[in-house]
Amino acid sequence: MKAISFEPIVNEQSRILILGTMPGIKSLEENQYYAHPRNAFWQIMFRLFNTEFSNNYEDQKNLILKNNLALWDTLKLCFREGSLDTNIKNEEANEIHQLLEKYPKIHSIIFNGKAAEKFYKRYFQNKNPIKYYQLPSTSPANASKRFDEKLAEWKLILDLLKY
């Protein structure tokens with residue numbers, strides 16, 4: 001199945017770019033980042049910013065922008081059966097460096113999982129003074145860490161990067 005990534009959620013105030021790999025089946029069906037109900041991404045974001053959780057996608061996007069974050073995927077398109085990153089084939093990278101040029105306040109990239117970082121390193125070299133952090137995937141497929149462990153690691157890095 002051919003999968004195509006979404007447009008980035010970003011604005012002029014964004015300072016930290018969170019990169020996933022590629023939306024899973026549920027996200028593609030809903031046309032929303034991290035739409036799978038067991039993906040911990042939105043739960044983690046709302047907790048980190050001490051905001052009452054909302055399932056409303058507009059609220060979720062606003063939370064990202066209000067906190068000077070940006071959200072995108074490392075890959076623009078790929079072929080994949082199912083939602084697992086390990087099944088990705090014939091991928092094409094997003095134009096991440098063009099995004100960084102357009103939004104120069106972005107000073108750090110957080111990879112949501114190892115695959116996002118792996119594909120980034122395959123296609124891009126660190127040419128900018130950007131800091132990189134790989135955090136545990138919020139995907140339900142990453143069962144090696146409990147929710148509270150993921151939350152603690154994400155909190156540690158975002159606290160470090162406060163501006």
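The values are calculated or read from the model by the stated rules, or taken from the named source; none is laboratory data. What you see is a predicted model, and the numbers here were worked out from it, not measured in a lab. Positions of Cβ are generated from backbone atoms using ideal geometry, with glycine treated the same way; all protein chains shown enter the neighbour counts.
At a glance:
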| quantity | calculated |
| --- | --- |
| Failed item, numbered, when residue 100 is tested on (1) closer than 16 Å to residue 158 by Cβ; (2) in contact (Cβ under 8 Å) with a residue 60 or more places away in the chain; (3) of a type in the set (A, V, I, L, M, F, W, C); (4) assigned to a helix (DSSP H, G or I) | (1) |
| Boolean, residue 20 is touching a helix residue (DSSP H, G or I) at 6+ places or on another chain (Cβ under 6 Å) and either at pLDDT 95 or above or under 22 Å from residue 121 (Cα atoms) (or both) | yes |
| Selection from region 45-97 of residues that are in contact (Cβ under 8 Å) with a residue 24 or more places away in the chain, in a strand (DSSP E or B) and over 24 Å from residue 156 (Cβ atoms) | 75, 76, 77, 78, 79, 91, 93 |
| Output for region 1-17, where each listed residue is touching a Cys at 6+ places or on another chain (Cβ under 9 Å) and either buried (at least 20 other Cβ atoms within 10 Å of the Cβ) or modelled with pLDDT of 95 or more (or both) | 3, 5 |
